[in-house]
Each structure stands twice: as C-alpha cells, then as structure tokens.
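What follows is one structure encoded as structure tokens, with my remarks underneath.
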Number of protein chains: 2
Amino acid sequence: MSARLKIAVAYDGASFGGWQSQSHANTIQDLLESAFERIFPQHLRVHGAGRTDAGVHALGQCAHVDLPHRRLETGELRRALNSLLPPAIRVLRCCYVAESFHARYSATRKLYRYRLWLAEILPPFESGRVWHLPDSVDLSTVRTAAAQFVGTHDFAGFAANRGKTDCDTVRTIYSVCVRQRGPLVTIDFDGSGFLYKMVRLIVGTIVQSGRGKIPLSAASEDLFSPRFRRTRLAAPAHGLILVRVRY
Amino acid sequence: MSARLKIAVAYDGASFGGWQSQSHANTIQDLLESAFERIFPQHLRVHGAGRTDAGVHALGQCAHVDLPHRRLETGELRRALNSLLPPAIRVLRCCYVAESFHARYSATRKLYRYRLWLAEILPPFESGRVWHLPDSVDLSTVRTAAAQFVGTHDFAGFAANRGKTDCDTVRTIYSVCVRQRGPLVTIDFDGSGFLYKMVRLIVGTIVQSGRGKIPLSAASEDLFSPRFRRTRLAAPAHGLILVRVRY
C-alpha cells in the first residue's frame, strides 16, 4: 500500500531563496525536507509541482513525498509539519495518494496571480507583495494586451533559459483575467503549464503596453516571434503568487 | 505664519521598536525625525497622537512637527519623506495646520482595530498581523463581553502602569464592533482616548470570556473593580492596529 503523501503548501516567499533546494538550505523544499526528516528520522525527497523563484509566494503549491510508512494520520502529519516549519510556510492539507500520482507530471493546470499596485503610495502591508507602479498605466490597454496571450502558443519568447533548453515550449493559457479594486490590479493566469519566468515576462510585456512603451499593434503581430525578445522585461518576483495546482 | 505640519502615517509595526524614540533609534518617531533632519538640516521633534508599542501597526497614526519654514509644498514634502523612510513606514498625507493644533492634545477620538484569527492554520500572509487562536472561541460570548465596555467608565483596571500613574483614568468608548469574515474576526474600538495597553487588556478579557475562562456574569459585575486586575491578560501587540485619529 502506497505511502505517497500529497501536500498543499502556502508560503510568503519574501524570506526564502525560492522553492528549489540550494546549498544555503533556506528554500521551501529544504525546509519541508528538514521537517519530514525530523518526523521520520531519514532524508525524504519532496517533489514540487513546480519551482518558484526567490520572492514568489504561494497560496497553494503542491508537492509529494514518499513516506517510509503510512502509520501517521494526515491531520497529525499536518500539525507535526507546521510545528516544525517557520510561520511563513504552512502545510494546508495532506492526503495519501496512489503511487501513480506525481506532483509535477500529474499536474494538468496551474493558476498564477500577479498583483500590481497603481498609486503613488504603497501601503506598508502591501510591501513585498505587489509590483508598485506609481506612474500612469492604462488599464484598458492592459486588458487588451492580456487577452492576446489566451490560447495555445509557442511561448519560447516568454521563457528565461535555465541552463537547458526546453524541447517543448508550446503552452495553453485558458484565460487571463484582469480585475481592479481601487489601486490593486490582479491578473489571474489559468493555463496548462508555464515555462520558467513565463508569467513574469508576460506581465512585463502587458505593463509596458499599458505604459505606452510597446505599441499594442506591434505587440499583437510580433508577440510570439523570436525578435520580440529584445523588448522583454520581467515583472518582479514578489508580485507573483502560485494560487493553485490542479490534477 | 505657522509652519506646523500635520502628517498621517501608516506602518507595519513588525520591524520597529514601537513609536517612541529609543536609544537604538529603530522606532517610528526616530525614523521620521531622521527623515525630517535630512530635509531640513536640523533636528526636529515629531509629536505623535499617541505611542504605539513594538509590534503594533498603524493605518492612520497622526503627528505634528514644527518646520523652520513653509517653503516646501506638502506634496513635495510627502514624496521627500517617503523616499527617505523604509517601505514599512509611509507618510500618507501632509498639511500645514494652525499653531494651536497639537497631535496629542487636539485629538478627540481614536479608532483601534484588533484582529483575531480563529482557525487551526494561520496563513503565512497573516503572520504577525493577527492574534492566532486555534482553539475554540465562542463568538456570541465575545460580542456580549465586548458590548460591556461601551460607555464612560474608569478604566484603571485596564491600564498598564508606564512608570507613572495616570491621574484621570476615565475614558469613553463610543462603540465596540465585532465582525467576522471566515476565520478573521475584527474588533473595532471607537473611543475618546485609550490608556496604555487598554485595548489589548480589554481584548484579552473578551477573548478569555469567549474561551470560557472568565464567566460573563462575573465579568459584568467586576469588570471595573480593582480586584478584576488579577485575571488580566493582554492580547499580543501584533494583532493591534491604530486605524485613525480624529480631531
């Protein structure tokens, strides 16, 4: 009987060096692995649905881990993990899953949210959680630019090279939803999957359109052509939240 | 012509040693005074509407300062101050006021908010901004207990001694409003003024009632009697926000 555990994790990315294990060990993956190691006195590898960069937050990152046994009830496990983790990382849910489940390969859909703050003054409580844009950004242009990314495209122009070349850079974005509430603008991306830095590069392009720095017509023609890469601007990591992973 | 400036300030109290100037200089008052000193090359004293303890936040603290001249426009001043302050402190508004205005003595009313989080798991983004109460708290008892504080009372039993004895410990609370939205409970106190630690001591009492640790009937009889002090529990500083000061 499988002892593969699926966990949903929330974190405030500000204090950590991203998801993926590093030598300094101050990453979400490292801290989760240390917590599991304290409970089952052996090293256990935690597999995330995807890596998030330093500064990126999560409301519902997912991961799996193979436990040596399934004698612990999921509620006990969740409480034990949370007592061992810093308050900026919380295990929200645990459940045992079949061995065929894989946090990364079984994921069918991801929801990312990007937050902009369009006002001169950034309130202290939003610091490190939004991209602060005190200068004028035209929101109707932002909406039009955002809509151009919906559909199945080769997003090679919206990916940062992480040392290796992705073979397949075609992804589907099901929807991009732009909402405004006072100075806060949220842009929700619902897609089949996202390349490295893809959301931040798309948001950078959308915002540059909204600032009038990229003409919308040029954007729509060239958006997915390789020469568009020259104009790329990645939105800062701290405005990004991994909201949910669907299986 | 007076060069007395009134400022409204917001801050995330987590990183600072409270409002009042200290030798370590990492307080809101010290940081504001340093910012003013950079603009007008001389030391200027900033007078707050009230001191907030280490960890207490503000959405609308008020203060005044006497500038050596009024040649700077208030918008310029606000931008200059914010460029010199850490992101966790923001000057929201500046205006020149009459010399008869005093941030502390002219205040007629203050609004404080206390935030509770009633759920097993505290989300990372709420860490340091609520009092996390994972165990059962009865909200209808909380509402009844809260209502008992409305009115004009001698709040001596709900004040911490700050080295000196306040002569007058009578204060009026105009309303206490308890609201729930999912696991978040906010308790808004609107009053003529508040003694040192008064809101935190009241919230501690209210929560102890809601936990069944203080019988409500006893509370209502003894609430304002000196012997009630023995049962006092101050709610943690980080759940408290100074929302507004009225003049």
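The values are calculated or read from the model by the stated rules, or taken from the named source; none is laboratory data. What you are looking at is a predicted structure, and each value in this text was computed from that prediction instead of being measured. Note that we place each Cβ from the backbone using ideal geometry, even for glycine, and neighbour counts take in every protein chain shown. Areas reflect the complete protein model, heavy atoms only, side chains present, ligands, DNA and RNA absent. Shrake-Rupley method; radii C 1.70, N 1.55, O 1.52, S 1.80 Å.
Details
- For segment B:88-213, the equivalent ellipsoid derived from the alpha-carbon gyration tensor has semi-axes of 28, 20, 13 Å in decreasing order.
- Karplus (6.51, -1.76, 1.60) ³J(HN,Hα), θ = phi - 60°, over segment B:63-77, in Hz, Gly and Pro reported as x: 7, 10, 8, 8, 8, x, 7, 10, 7, 8, 6, 4, x, 4, 4
- Angle between chain A longest axis and helix A:198-210 axis [Cα atoms, degrees, rounded to 10]: 30
- Global form of the protein assembly as shown, assessed from the alpha-carbon gyration tensor, a/c cut-off 1.5: oblate
- Nonlocal amide H pairs with B:Ala119, under 5 Å, H built at 1.01 Å: B:Leu133
- Binning the alpha carbon pair distances of chain A at 5 angstrom intervals from zero yields the distribution 1, 6, 13, 17, 17, 15, 12, 9, 6, 3, 1, 0, expressed in whole percent.
- Ranking B:Tyr247, A:Ala235, A:Ser2 by Cα position along the charge dipole of the protein assembly as shown, where only Lys, Arg, Asp and Glu carry charges on their C-beta atoms, puts B:Tyr247 farthest toward the positive end.
- Axis-nearest residue in chain A [Cβ, rotation onto B], distance in whole Å: A:Phe125, 5
- Karplus-based coupling profile of segment A:181-191, in residue order and whole Hz: 9, x, x, 8, 10, 10, 10, 9, 10, 10, x, with θ = phi - 60° in 6.51 cos²θ - 1.76 cosθ + 1.60 and x standing for Gly or Pro.
- Rounded to the nearest 500, the helix-only mean residue ellipticity at 222 nm of chain B stands at -6500 deg cm²/dmol, with each DSSP H run of n ≥ 4 adding -39,500 (n - 2.57).
- Acute angle (nearest 10 degrees) that the helix A:28-39 long axis makes with the longest principal axis of chain A, alpha-carbon atoms: 10
- About its Cα centre, segment B:37-94 has a charge dipole of approximately 100 debye under the convention of +1 per Lys or Arg Cβ and -1 per Asp or Glu Cβ, with nothing else charged.
- Mean per-residue shielding of peptide A:84-94 is 3, counting Cβ atoms of other chains within 10 Å of each Cβ.
- Of the trypsin sites (Lys or Arg not before Pro) found in segment B:141-194, those in coil by DSSP whose Cβ has at most 11 other Cβ atoms within 10 Å are B:Arg162, B:Lys164.
- With its label point put 7 Å out from Cα toward Cβ, B:Ile39 sits 5.2 nm from the same residue's point in the other copies, in order from shortest.
- When you filter the GluC sites (Glu not before Pro) in segment A:21-111 for DSSP loop state and at most 16 other Cβ atoms inside 10 Å of their Cβ, you are left with A:Glu73, A:Glu99.
- When +1 charges are put on Lys and Arg Cβ atoms and -1 charges on Asp and Glu Cβ atoms, the dipole computed for the protein assembly as shown relative to its Cα centre reaches about 240 debye.
- Inter-chain Cβ neighbour average for residues A:118-128, partner chain, 10 Å: 6
- Dipole size of chain A about its Cα centre, with +1 on Lys/Arg Cβ and -1 on Asp/Glu Cβ: approximately 240 debye, rounded to the nearest 20.
- Each 10 Å bin from zero up to the one holding the largest Cα-Cα distance in segment A:12-144 carries the following percent of pairs: 11, 35, 30, 15, 8, 1.
- Sequence-distant residues sharing a close amide H with A:Val170 (under 5 Å, placed H): A:Phe155
- Annotation: amide H of A:Leu92 within the under-5 Å range of A:Ala8, A:Val9, A:Ala10, sequence separation 5 or more or interchain, hydrogens built in the peptide plane.
- Fully extended contour minus Cα-Cα distance, from A:Ile39 to A:Ala107, at 0.36 nm per residue: 21.8 nm
- Sequence of A:Leu116, A:Leu92 from largest to smallest accessible area, 1.4 Å probe: A:Leu92, A:Leu116
- Taking a sphere under 10 Å around the Cβ of A:Leu81 and counting the other residues whose Cβ falls inside, with K and R at +1 and D and E at -1, yields a net charge of +3.
- Ranked from shortest, the separations from the 7 Å Cα-to-Cβ label point of B:Ala98 to its equivalents in the other copies are 7.9 nm.
- Burial order of peptide ranges B:82-90, B:123-131 (average beta-carbon count within 10 Å, highest first): B:123-131, B:82-90
- Accessible area of B:Cys94 (1.4 Å probe, protein heavy atoms only, ligands and nucleic acids ignored): about 20 Å².
- For B:Asp66, the accessible surface of its heavy atoms amounts to roughly 70 Å² (probe 1.4 Å, protein chains only, rounded to the nearest 10).
- Between B:Ala160 and B:Val97, residue separation times 0.36 nm minus the direct Cα-Cα distance comes to 19.4 nm.
- Rolled with a 1.4 Å probe across the full set of protein chains, the surface gives A:Leu59 an accessible area near 80 Å².
- Label-point spacing for A:Asp188 across the identical copies (point 7 Å from Cα in the Cβ direction), in nm and ascending order: 2.7.
- Computed from backbone phi with θ = phi - 60° and the Karplus coefficients 6.51, -1.76 and 1.60, the 3J(HN,Hα) list for segment A:44-61 is 10, 7, 9, 9, x, 5, x, 8, 10, 6, 4, x, 6, 9, 9, 9, x, 5 Hz; x is used for glycine and proline.
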